């Protein structure tokens, strides 16, 4: 490039800059990973039953399941803590996908009515007597109901998305679907017996307490392929940062891409809601935290970033929910919102650049 | 279709046949049958809402045509895969972008989309192309800043660099100068013209500025009332009446030789006679027109810039043929008009053999006891008018004439 002799100096400067940035990102990832490990250990070690730290280490390293503490750690805490990590990651990725897709920073899995659809189905099962003849409702049945609710909303959104071109319209339709689901749910609550309502309200608050190994494996097997798929979409996701028209002009197949985003985000959010109930805020806030932490909107970076950060934030919130007023366990949504919202506001105000 | 000989040998890049564009059932522009050649700078002009954007969006395949066909390099536009199209055609749109925490470099790098692999990792060549694009739009120094932090002018350059990084044959730009100040507007246009000349990229652009279009484009397209009003070189297409018709100008006029639009002198205030020439009248006309005065001016040669401006403004002109000495009849005509007026302005025109008689106009007015305002210094006035110069009203700067006139 002989014609550009004058620019060569700056070129080299740019190259250096890219390397410096890459190193910074590596450092950040390492830091996040360490935080995650620390939180994992804390979550395993702390609980309503006090198990000394050395004992915990021994139980884990030697895979002791026989004793009572061993049982607590391997049968109760381990699946719960692991599930919390993954669910947090899933919610954060679902939120990120939706934020890029709608080019709107205030959307999360709640917006498309995904969580509301799941809630409605659970309400039908728990409150409206669809469970006639089954005295104790099997938790797994609830999960199936929640997932089918999320799926139903998703299918409606997909049908609408194939006709409606405007993303804002789609967003508003999602919001309205959410309201309708809420309305039906509250009618069901009004007519339901008090006993049942209590159980439903508890579910609605969201909790990771019910996870067993079986459920964890299910969450793992269904969710990880979705995460990988989301990462593979990071190139068109980046193009989408410039809006649909530019994305199209750069060669993104918009129709297929819309379809994939809606599928992936609702499947991820639906999966979590099915097992843990609606968990607020993670999907909305973690993508913001990640963008500000990395100082970038590059989704190739952000997707692994939000997985880690989502896992960290969710684990931390679960830890607080469990231990703050132990043995009373607070609803995890309360903690996520209570601590998360001010953090996001603070981060946003400190920044000059709009996200 | 009219086309100058120089471009006739060039190859065709785009072609439309019986193209009809619009949204749903609503046709916006119909009957577009045109060709665009390689390396041409094509500029769409027309009033707001005439369909420039609709045409551009259709040419970029962001909108499907209602009828007819568009060809790019001889193939139907609709037959291109998204990637193929992105490699030959790039766009710069008007919508305001807020891509988040994306640096200018990353923004331009997105232009490499049709060339990078599945995950979008930039190869060394890609990075080189991005840097070249940034360099060509003079944006190397802002490469590391966030896009959202940039000024309008800088953003527009980055947008153009992104389009360039796509290495397209055709760049389509929708009103790229709309938020820009004069400096950035001119900088952007010269960058684009360089693309045409040096890289043989075809630029299709919509503009608001007739002046700019006249000076920069090879082909201008006038869009009006759902049809293409004219298509051709600006010298042939941008005639005074065509521009007036295009924008429904009744309060402004366009002068092709100067390439400028003047507001028509529609004042109903006092009529003022301006003795002018050599461009000294131009600021006076504009001032009087703004102040709501009616203007008569003379005697002006037809090759004088004052003549063109006075005509655009809609002043009454007593004119003489180019380079001729002012005829006695013209002078008498001027004096006859002047007789009915009280205010005369001497713009301080340069005096030479062909317009020497204009001095008589001034002298006559002074002699007749009219108020004569002059922009000359006392010294030169004495040299030109002798002792009658005592009776002139001396004004320093154009603005002070207006103040005196309003007294």
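The selection criterion, being on the phi < 0 side of the Ramachandran plot and within 13 Å of chain A (Cβ to nearest Cβ), holds for residue B:173. Within the range A:110-122, does at least one residue satisfy the condition of being surrounded by fewer than 22 Cβ atoms within 10 Å (Cβ to Cβ) and under 27 Å from residue A:214 (Cβ atoms)? Within the range A:110-122 (the criterion being surrounded by fewer than 22 Cβ atoms within 10 Å (Cβ to Cβ) and under 27 Å from residue A:214 (Cβ atoms)), the answer is no, since none of the residues qualifies. When A:316, A:349, A:330 are screened for being surrounded by fewer than 24 Cβ atoms within 10 Å (Cβ to Cβ), assigned to a loop (DSSP other than H, G, I, E, B) and more than 14 Å from chain B (Cβ to nearest Cβ), only A:330 passes.
Residue check: residue B:75 meets all listed conditions (1) under 32 Å from the mean Cα position of the chain (by Cα); (2) surrounded by fewer than 20 Cβ atoms within 10 Å (Cβ to Cβ) but one, namely (1). Name the single residue, out of those in the range B:22-34 being without any contact (Cβ under 8 Å) to a residue 60 or more places away in the chain and either in contact with a strand residue (DSSP E or B) (Cβ under 7 Å, 6 or more places away or on another chain) or in a strand (DSSP E or B) (or both), that is nearest to residue B:71 (Cα to Cα). Looking at residues that are without any contact (Cβ under 8 Å) to a residue 60 or more places away in the chain and either in contact with a strand residue (DSSP E or B) (Cβ under 7 Å, 6 or more places away or on another chain) or in a strand (DSSP E or B) (or both), I get B:33. Summed over the range B:124-147, the residues that are surrounded by 18 or more Cβ atoms within 10 Å (Cβ to Cβ), farther than 17 Å from residue B:201 by Cβ and touching a residue at least 40 places away in the same chain (Cβ under 8 Å) give a count of 3. When residue B:185 is tested against the conditions (1) more than 30 Å from residue A:295 (Cβ to Cβ); (2) modelled with pLDDT under 90; (3) not in a helix (DSSP H, G or I), the lone failure is (3). Tell me which residues, restricted to the range B:339-359, are in a helix (DSSP H, G or I) and crowded, with 20+ Cβ neighbours inside 10 Å. Across the range B:339-359, the qualifying residue is only B:358.
Results for (1) within 21 Å of residue A:304 (Cβ to Cβ); (2) in a helix (DSSP H, G or I); (3) touching a strand residue (DSSP E or B) at 6+ places or on another chain (Cβ under 7 Å), shown as yes or no for each residue.
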| position | (1), (2), (3) |
| --- | --- |
| A:32 | yes, yes, no |
| A:37 | yes, yes, no |
| A:40 | yes, yes, no |
| A:44 | no, yes, no |
| A:47 | no, no, no |
| A:50 | no, no, no |
| A:56 | no, yes, no |
| A:59 | no, yes, no |
| A:65 | no, no, no |
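Among the residues of this structure, residue A:99 does not count as one that is in a helix (DSSP H, G or I), loosely packed, with under 13 Cβ neighbours inside 10 Å and modelled with pLDDT of 85 or more.
Screening B:184, B:179 for residues that are surrounded by fewer than 17 Cβ atoms within 10 Å (Cβ to Cβ), in contact with a helix residue (DSSP H, G or I) (Cβ under 6 Å, 6 or more places away or on another chain) and closer than 29 Å to residue B:100 by Cα leaves exactly one candidate, B:179. If I go through the range A:219-248 residue by residue, how many of them are away from every other protein chain (no Cβ under 14 Å), farther than 22 Å from residue A:72 by Cβ and surrounded by 16 or more Cβ atoms within 10 Å (Cβ to Cβ)? Selection size over the range A:219-248: 4. Please find, within the range A:304-313, the residue that is farthest from residue A:278 (Cα to Cα) out of those that are surrounded by 24 or more Cβ atoms within 10 Å (Cβ to Cβ) and within 14 Å of another protein chain (Cβ to nearest Cβ). Only one residue tops the list, namely A:305. Would a scan of the range B:142-153 turn up a residue that is more than 21 Å from residue A:295 (Cα to Cα) and more than 7 Å from chain A (Cβ to nearest Cβ)? Scanning the range B:142-153, I find at least one residue that is more than 21 Å from residue A:295 (Cα to Cα) and more than 7 Å from chain A (Cβ to nearest Cβ), so the answer is yes. Here residue A:165 clears all of (1) at pLDDT below 90; (2) part of a helix (DSSP H, G or I) except the condition numbered (2).
Residues in the range A:274-295 that are within 14 Å of chain B (Cβ to nearest Cβ) and in contact (Cβ under 8 Å) with a residue 12 or more places away in the chain: 8 in all. Residues that are facing chain A (nearest Cβ under 9 Å) number at least 1 in the following strands (runs of 3 or more DSSP E) confined to the range B:35-141: B:89-92. Every condition in (1) farther than 20 Å from residue B:220 by Cβ; (2) within 13 Å of chain A (Cβ to nearest Cβ); (3) modelled with pLDDT under 90 holds for residue B:162 except the one numbered (3). Applying the set (1) touching a strand residue (DSSP E or B) at 6+ places or on another chain (Cβ under 6 Å); (2) surrounded by 17 or more Cβ atoms within 10 Å (Cβ to Cβ) to residue B:229 leaves exactly one unmet item: (2). Among the residues of the range A:32-57, those identified as under 17 Å from residue A:74 (Cβ atoms) and crowded, with 16+ Cβ neighbours inside 10 Å are A:40, A:43, A:44, A:45, A:46, A:47, A:51, A:55, A:56.
None of A:259, A:338 is under 26 Å from residue B:116 (Cα atoms), surrounded by fewer than 17 Cβ atoms within 10 Å (Cβ to Cβ) and away from chain B (no Cβ under 14 Å) except A:259.
The values are calculated or read from the model by the stated rules, or taken from the named source; none is laboratory data. All figures in this text were calculated on a predicted structure; none of them were measured in a lab. No Cβ is skipped: glycine too gets one built from the backbone with ideal geometry, and neighbour counts run over all protein chains shown.
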